Amino acid sequence: MAKGGQALGGWPQTLEDIRKFEKYFGFDPDVWMAQPTDLGVCEAPLVPRYEEKVLRLEGEHEIVQDFIGRVVRYPKGVRDGVMPTYLKHTVASRDEWERDVRLRLDPATPERWGNYAANVASNRERLARGEVLHIGSFIGGYMYLRSLVGPLELPVLFYDDPDLVHAMMRTWRDLVLACLKRVQADVGPYFRLYLAEDICYKSGPLISPDMIRRFLLPYYRDFFEELQAGQRDPIHFEVDTDGNCLPVVDLYREVGMTAMSPWEVASGCDVVEAGRRWPDLHIRGGIDKRVLAEGPEAIDRTLRYIMPPMVKRGRYIPNCDHAVPQDVSLANYMYFRKRIQEMDH
């Protein structure tokens, strides 16, 4: 695996130690420490989770209840590397939300804090040695709603039962705030907040700007302002979304966002143009992952366009615009890493 969960076939299996791994690929040391309590990335951070179990067989498929309570169809015996079919999401009615799901988002649930003390102690020691920066990482409001309600069902719910959406978002806000404020008190001030949102697709946001302002931004403003009020140093606030993020940058800046990633090129994102449009925005990503499979000439062409103006501009971390595809050879990836290091100054 390449850094950040990026797939890369053919790298030496002897590189099991992360420090050897970073040296081999020329990465800077990883300064992001683990969060003491899990607040999710792509799925709502339910505690306790639902039991994962096979509900029934249908020909060559298994109908499965997954860990957040969705009913999902998989090819028989396969879980990884496939796109499952979602037959039913966890929250299809107000009764399901109130009766079961809401209770699994209680910040006071003891199981949520099982390894907390040990994690806090480790993080405080690493901070004291200057090895890491303190971040808070958590699932964004849209991703949270989508994982529980479903991507097709959620826009309908905005119209049919907005009060339920607001109730779910209040629960999200209260959970995130309670957990992050406790960590802030026990570990120390935050350097960065990282919100995993994935609210965009190829052509733009999956919901309208009006829906974003109505159902998401008030809750983001609440938690960010309260966490910022709890410390003197400014908090960097990064939003991560796939797809064409250009139409939502200014929306998130309204609530304090200072950084965005990963700027997918296939969706029309150009970090050089974005850097000109938002000169104070911190940008991470924007290097077309598909180019890495084409070889040195294509890699050079891309990096010659991006690196000189972005290095001069600053506030830019050069990175692929998503996971590195399986068709990228080790030789091509090593060439990419070498050229990045040569041009990153």
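The values are calculated or read from the model by the stated rules, or taken from the named source; none is laboratory data. Since this is a predicted model, take the numbers as computed values, not measurements. Cβ atoms come from the backbone with ideal geometry, glycine included; neighbour counts cover every protein chain shown.
Quick notes on this one:
- Unique residue being farther than 25 Å from Pro279 by Cα and not in a loop (DSSP other than H, G, I, E, B) when the list is Val156, Val239: Val156
- For the stretch 290-324, the tally of residues that are outside any helix (DSSP H, G or I) and either among the small types (Gly, Ala, Ser) or farther than 18 Å from Ser261 by Cβ (or both) stands at 4.
- Tabulated pairs, the stretch 274-294, first in the same structural domain as Ile317 (by TED's automatic domain parsing), second hydroxyl-bearing (Ser, Thr, Tyr) and part of a loop (DSSP other than H, G, I, E, B), C-beta under 6 angstrom, 6+ apart or interchain: His282/Thr258
- A single entry from Tyr74, Tyr50 fulfils the requirement of being aromatic (Phe, Trp, Tyr), surrounded by 15 or more Cβ atoms within 10 Å (Cβ to Cβ), assigned to a loop (DSSP other than H, G, I, E, B) and touching a residue at least 12 places away in the same chain (Cβ under 8 Å): Tyr50.
- Residue within the stretch 221-240 that is within 17 Å of the chain's Cα centre (by Cα) and either of a type in the set (Ser, Thr, Tyr) or not assigned by TED's automatic domain parsing to the domain that holds Gly285 (or both) present: no
- Within the stretch 26-36, restricting attention to residues that are touching a residue at least 24 places away in the same chain (Cβ under 8 Å), within 17 Å of Arg126 (Cα to Cα) and not aliphatic (A, V, I, L, M), the residue that is surrounded by the fewest Cβ atoms within 10 Å (Cβ to Cβ) is Pro29.
- Members of the stretch 128-145 that are in contact (Cβ under 8 Å) with a residue 24 or more places away in the chain and either assigned to a helix (DSSP H, G or I) or aliphatic (A, V, I, L, M) (or both): Val132, Leu133, Ile135, Ile139, Gly141, Tyr142, Met143, Tyr144, Leu145
- Across the stretch 79-104, the qualifying residues are those that are basic (Lys, Arg) and free of Cβ contacts under 8 Å to residues at least 12 places away in the same chain, and the one among them that is nearest to Arg49 (Cα to Cα) is Arg99.
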